[in-house]
1. Hey, any hits in the stretch 358-381 for a residue that's touching a Pro at 6+ places or on another chain (Cβ under 9 Å), open to solvent by 50 Å² or more (accessible area, probe 1.4 Å) and modelled with pLDDT under 85?
2. Can you name every residue in the stretch 313-331 that is surrounded by 16 or more Cβ atoms within 10 Å (Cβ to Cβ), of a type outside the set (Phe, Trp, Tyr) and modelled with pLDDT of 75 or more?
3. When the residues of the stretch 40-57 are filtered to those that are open to solvent by less than 30 Å² (accessible area, probe 1.4 Å) and within 12 Å of residue 266 (Cβ to Cβ), which remaining residue is modelled with the lowest pLDDT?
4. Here's a check for you: in the stretch 334-364, which residue that is touching a residue at least 60 places away in the same chain (Cβ under 8 Å) and in contact with a Gly (Cβ under 8 Å, 6 or more places away or on another chain) is farthest from residue 45 (Cα to Cα)?
5. Being on the phi < 0 side of the Ramachandran plot, crowded, with 18+ Cβ neighbours inside 10 Å and assigned to a helix (DSSP H, G or I): is that true of residue 116 here?
6. Which residue pairs have Cβ atoms closer than 8 Å, lie 6 or more positions apart in sequence or on different chains, and pair a first residue in the stretch 258-278 that is farther than 19 Å from residue 53 by Cβ and acidic (Asp, Glu) with a second residue that is part of a helix (DSSP H, G or I) and open to solvent by 60 Å² or more (accessible area, probe 1.4 Å)?
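The values are calculated or read from the model by the stated rules, or taken from the named source; none is laboratory data. Not measured: the values here are computed from a predicted model. Neighbour counts are summed over all protein chains in view; Cβ atoms, including those assigned to glycine, are modelled from backbone coordinates with ideal geometry. The protein model used for the area step is the full one, side chains on, heavy atoms only, and it has no ligands, DNA or RNA in it. Shrake-Rupley method; radii C 1.70, N 1.55, O 1.52, S 1.80 Å.
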Amino acid sequence: MSYGLGFERRVALRFLREGRMQTLLIIVGVAAGVAVIAYISALINGLQSNTLNKTLGAQAHITLRAPDDLVTPARAPEPGSALLTETQPRAQRLRSVANWQALVPVLEGMGAIAGVSPTMAGGGLALRGEATQAVALTGVDLDRYDRVVGLRSKVISGTARLSPGDAILGRELAADLGVRVGDRLTLQTGAVSDSARVTALVDLGVRDLNRRTVIMPLRAAQNLLGLPGGATSLDLTVNDVWAAQTLAQDLRRQFPYKIESWQESNAALVTALNAQSISTALIRGVVLVVVVLGIASVLVVSVVQKRREIGILRAMGATRGQVLRIFLLQGAVVGAIGSLLGLVLALGMIWLFTTFVRGSDGQPLFNIALQASTAVQVALIATVCGVLAAIAPARRAARLDPAQAIRI
């Protein structure tokens, strides 16, 4: 008997329609599994993105500094004294990166690096009337520094400007000193002091940073900290934040400086992010196993229930390959329909989270979104799992003997 090209598809859909309740239950199961996978993926991605933005929002992806001072022992240790190594660390003084002016254009010419900012950093005091606060002075070129940490986007009052005699303060520090935009304060380091006018207040996303940060022109910081023409570090931002570690290792092989990536300075955070990613992968794997088992169990029952129909199809000329494809198509259809419904359900869950879950300030905890690539990936995986789940039932159906199947 000759069958048209759509024979397997028509029979597969008919079998699914005849077992409506079973089909509906397994589609709902697939949809629930896909919704959980898509929602958890979007939630973890949003959480990690929010955490990275807050962590890296006020720091460079890679920091290049002068190497540590080392001292070599002048004589051998006394008998019975502690064994000295060949070199020992010494108390570190404020030091400039050697030849940083020539190094900046070299780093900017590297394709993986998006921005380079020379920085002059050191401790000092901020004075306003009777108020005195210990602060971290940071001298920068504003345009370069903005490309590294996006400073202008963090301004909450005033206008980010760093002309000679200007300064930008963290919001908590301004509150502690009782200053607003346009007010003046005194910045002091040892016997050197300078007056600065506040041009803007910024929120760096971390309260401790807001309480001690003073950003000023590079030259003014050099004079205050006693390093004219110097830069204590070069702050780098890269196009791919996760490639910072590899790039830092490459830079260490090329330049004799102390180079540290954000992964090295935030090792605990990286560990936590990796643990989240592994947990997400485990959840996805478990849910997919449940989906596969659900589809397989329903199709096994379908094979048992439709033994006579399968036997009649074989007796009328249907080949084993056609019977096999009938059940594989059922798995694919169930997986595809369940995937689409699951993605719709996931979008609804995401909307509920972003609409009703709020922090203490009344704002959403963080934004989450289901990326198109993630949605397509989850749908394809679920559909493939539907086909894989149908393999065992399909092979069982294809092996049925027509005479015995009809006799039952």
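1. Step one: list which residues in the stretch 358-381 are touching a Pro at 6+ places or on another chain (Cβ under 9 Å), which gives 358.
Add one more test, that the residue is open to solvent by 50 Å² or more (accessible area, probe 1.4 Å), and what stays is 358.
Checking which are modelled with pLDDT under 85 leaves us with 358.
For the stretch 358-381, residues touching a Pro at 6+ places or on another chain (Cβ under 9 Å), open to solvent by 50 Å² or more (accessible area, probe 1.4 Å) and modelled with pLDDT under 85: present.
2. Narrowing the stretch 313-331 to residues surrounded by 16 or more Cβ atoms within 10 Å (Cβ to Cβ): 313-314, 318, 322-331.
Now restrict to residues that are of a type outside the set (Phe, Trp, Tyr): 313-314, 318, 322-326, 328-331.
322, 323, 324, 325, 326, 328, 329, 330, 331, listed by residue number.
3. Here the residue is 56.
4. 334
5. On the way: on the phi < 0 side of the Ramachandran plot: yes; crowded, with 18+ Cβ neighbours inside 10 Å: yes; assigned to a helix (DSSP H, G or I): no.
Criteria not met by residue 116.
6. none
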